[in-house]
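Below is one structure, written out as structure tokens, with a few remarks after it.
The values are calculated or read from the model by the stated rules, or taken from the named source; none is laboratory data. Model, not experiment: these values are computed from the prediction. Cβ atoms come from the backbone with ideal geometry, glycine included; neighbour counts cover every protein chain shown.
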Amino acid sequence: MTAALLTLADSRLPAGGHAHSGGVEQAVAAGLVHDLASLTAFLRRRLTTAGAVAAGLAAAACDAVRSASDRHRPGALARLEAEADARTPSPALRAASRQQGRGLVRVGRRAWPHPAWDALPDRPHHAVALGVAAAAAGSGPRDAASAAAYLSVSGPATAAQRLLALDPIAVAAATAHLAAEVDALVGQVLPAVPDGGSVPDRLPASADPLLDLLAEVHASRKDRFFAS
């Protein structure tokens with residue numbers, strides 16, 4: 001359902017995403033992101049690592065909701081939660097993911113009522129909650145993966161625009177230019193999505209130590225504008 005996908009990918013969805021910079025605030029502070037070119041490089045790097053992991057988890061969670069019975073759904077989603085933990089070594093990033101996941105569940109329960117919400121923990125990872133939201137809204141794994149991949153670049157892009165006072169038109173164009181790479185990433189992720197919520201041992205597990213380090217340094221700051 002296209003409308004549901006657009007809603008999930010909309011920064012105005014009150015799920016707390018606007019409070020997170022996806023690591024770009026600390027990247028700006030460290031001088032790694034300072035103009036449009038360095039921002040684009042950062043977004044591309046984040047897409048192929050954190051974005052790939054989130055896309056895989058979201059697609060798998062959506063598949064689990066659509067394929068698993070009410071009895072087996074909690075176990076399938078619990079396994080994905082464990083996989084998300086294993087793929088997020090940074091405590092700061094795990095906390096940020098669960099903060100956003102909790103916010104999305106609060107919105108999703110009202111927007112798209114579904115029994116699957118009760119199968120999630122109180123603070124699920126954002127990508128897992130996103131997959132549940134997609135399934136509850138009538139969308140499929142590809143839609144869930146697309147939303148997750150897109151959000152991995154759109155949030156940091158908006159945060160960088162605010163932090164560096166960049167031209168919003170230029171930032172929007174840079175994000176749009178990544179569309180083909182987002183689509184290609186989703187195409188690479190989907191074949192690894194397990195059927196019926198089985199153990200997702202083939203899901204993306206790309207890591208980026210730099211993003212982990214940036215998150216940990218950022219979490220210790222007292223002067224930050226964003227939660228992550």
It is to be established whether one or more residues within segment 192-212 are in contact (Cβ under 8 Å) with a residue 60 or more places away in the chain and on the phi > 0 side of the Ramachandran plot. yes
In the set A137, A148, the lone residue that is crowded, with 24+ Cβ neighbours inside 10 Å and touching a residue at least 12 places away in the same chain (Cβ under 8 Å) is A148
May I ask you to list the residues in segment 64-101 that are more than 13 Å from the chain's Cα centre (by Cα), closer than 23 Å to S220 by Cβ and not in a helix (DSSP H, G or I)? P89, S90
With respect to Q26, is the statement that it is polar (S, T, N, Q), at pLDDT 95 or above and assigned to a helix (DSSP H, G or I) true? yes
Can you tell me which residue is modelled with the highest pLDDT among those in segment 189-214 that are under 30 Å from V28 (Cα atoms), surrounded by fewer than 16 Cβ atoms within 10 Å (Cβ to Cβ) and not hydrophobic (A, V, I, L, M, F, W, C)? P209
Single match in V65, V53, V33 (criterion: within 18 Å of A157 (Cα to Cα) and surrounded by 19 or more Cβ atoms within 10 Å (Cβ to Cβ)): V33
Out of all the residues in segment 102-114, which are assigned to a helix (DSSP H, G or I) and of a type outside the set (A, V, I, L, M)? R102, G103, R106, G108, R109, R110
Taking the condition surrounded by fewer than 17 Cβ atoms within 10 Å (Cβ to Cβ), of a type in the set (K, R) and without any contact (Cβ under 8 Å) to a residue 12 or more places away in the chain, does R224 pass? no
